[in-house]
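What follows is calculated from the coordinates using simple rules that are stated; it is not laboratory data. Since the model is a prediction, treat every value here as computed from it, not as a measurement. Here the Cβ is made from the backbone with ideal geometry for all residues, glycine too, and neighbour counts use every protein chain on show.
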2 protein chains.
Amino acid sequence: MQSQGKLYVVGIGPGCRELLTLKAKKVLETADYVIGHSRYLDFVRDIAGGELIESGMGREVERVKMAIDLAQNGNKVCLVSGGDPSIYGLAPLVAEITYRSGIDVDWEIVPGVSALNAASPLFGSAVAGDHAVISLSDLLTPWEIIEKRLRKALEGDFVIAIYNPSSRKRKPNLERAVEIIREYRGNCYVGVARNVCREGEVIRVVRLDEISEMADMHSLIIVPSSETIVDGDVMITPRGYSKKYGLEVR
Amino acid sequence: MQSQGKLYVVGIGPGCRELLTLKAKKVLETADYVIGHSRYLDFVRDIAGGELIESGMGREVERVKMAIDLAQNGNKVCLVSGGDPSIYGLAPLVAEITYRSGIDVDWEIVPGVSALNAASPLFGSAVAGDHAVISLSDLLTPWEIIEKRLRKALEGDFVIAIYNPSSRKRKPNLERAVEIIREYRGNCYVGVARNVCREGEVIRVVRLDEISEMADMHSLIIVPSSETIVDGDVMITPRGYSKKYGLEVR
């Protein structure tokens, strides 16, 4: 009799081993198949059980369908997603495909530490309190919607975490975003976190007009709110305690 | 000679053991002191090394100062924060106190899985793509700012994750928020996730006018975007793949 298969959509966090959850580690170790882009497989290659299947960027639908197929055939399958699978990861795609097609497969998302949660502490505490999360990739969202959201987030004085700020093909998006931010905040300071918890990690606070050179597709940009303390490479968004409790001001 | 102390601000995730990171587990097990609200200490009591110090809600500054003091005296101290410490947790307070006071102490934030990342999959994939995160607690943020952010997030058609929606003392805030959401979306469906990954977990999609009865301080409310698929207790915010790739529509 064939055993019951299951598909796990596994968030592996920003990349370093120690930010993996206990659950992610366990399902990866006991999987029959671990499927993902080679960039993410590299982070878990040494602990992944079973067979590894590498799949190219931009072939997400194919990757998900293969994973579903293997799970339906009785295998324990891990589909690897960087960070947290809900946040610009594979979770919504698996949810949508299984929902729309009515495919009968047991599946589960294993949440992970997203890039903003890993990057924020490296500046001190940059993303704290109310915040907005926006991707500049217009592969799947029209630019008009991205621009509107960026404007509303700026008007709302949110701390803004910008995912996928730039790639070789999408340089103009970041340039347009910079112009929009400049309208509201001038040539403000922004945080750039590149390769968080990975080789080549860079954590820097720079002026807005310097980010085009610094940000790539493996970067997260943090736009501070009006309350954020910026000092050198430190960014701290307080939660109002100093106002409330009268902390000594340096 | 006294050994070097260190303060860890440890995100323990939503509460279940398996969503702890490897790093959080390790620092908790090897700590000299583990400090936190009893609600959070209960989740890690069995693995916490050293002495446990329980501290009441609303005494955050005192708790942080005690933790710093112990670390300065050569101890390895874990200050426990629910979810991720940056997101409405203790990270910004530790960052601000050490920054403003110039206190010389070695400290580090250990990120964790925040409530939205844990709750989103339980609906299917509710919080995906661009989203805004707002707390309704006006203990530390004036209500006018909260209201403005809520309006901007609604105008921007973000998925909205609402933290701290209600408590015994703050019922009116949720009622005001409901009225604002209704202005933009009518009596729309919203997701309520209570006690995620803990005893008494409730995952429900209800009409806006039903949430006052359901939401408490241990709940997260998810307001969908115009693109979110809502069907029974399922909420899936697609990433545009179906538009791009022509997935079969059920």
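General observations
- Tally, over segment A:199-208, of residues that are assigned to a strand (DSSP E or B) and more than 17 Å from A:Ile181 (Cα to Cα): 3
- Scanning segment A:109-116 finds no residues that are more than 7 Å from chain B (Cβ to nearest Cβ) and farther than 24 Å from B:Leu20 by Cβ.
- Residue check, B:Leu79 within 14 Å of chain A (Cβ to nearest Cβ) and either of a type in the set (A, V, I, L, M, F, W, C) or in contact (Cβ under 8 Å) with a residue 12 or more places away in the chain (or both): yes
- When A:Ala91 is tested against (1) among the aliphatic types (A, V, I, L, M); (2) more than 29 Å from B:Leu93 (Cα to Cα); (3) within 7 Å of chain B (Cβ to nearest Cβ); (4) free of Cβ contacts under 8 Å to residues at least 60 places away in the same chain, only condition (4) is not met.
- Taking segment A:58-173 as the region of interest, the helices (runs of 4 or more DSSP H) fully inside it that hold 3 or more residues being charged (D, E, K, R) are A:60-72, A:143-155.
- Verdict on B:Gly102 being buried (at least 19 other Cβ atoms within 10 Å of the Cβ) and either within 7 Å of chain A (Cβ to nearest Cβ) or out of contact with any helix residue (DSSP H, G or I) (no Cβ under 8 Å at 6 or more places or on another chain) (or both): no
- Positions within segment B:216-229 being small (Gly, Ala, Ser) and within 19 Å of B:Gly186 (Cβ to Cβ), in sequence order: B:Ser225, B:Ser226
- The single condition among (1) part of a strand (DSSP E or B); (2) touching a Leu at 6+ places or on another chain (Cβ under 9 Å); (3) crowded, with 20+ Cβ neighbours inside 10 Å that A:Ile211 does not meet is (1).
- Just one residue in the set A:Glu179, A:Glu213, A:Glu183, A:Glu201 is closer than 22 Å to A:Ser114 by Cα and acidic (Asp, Glu); that residue is A:Glu201.
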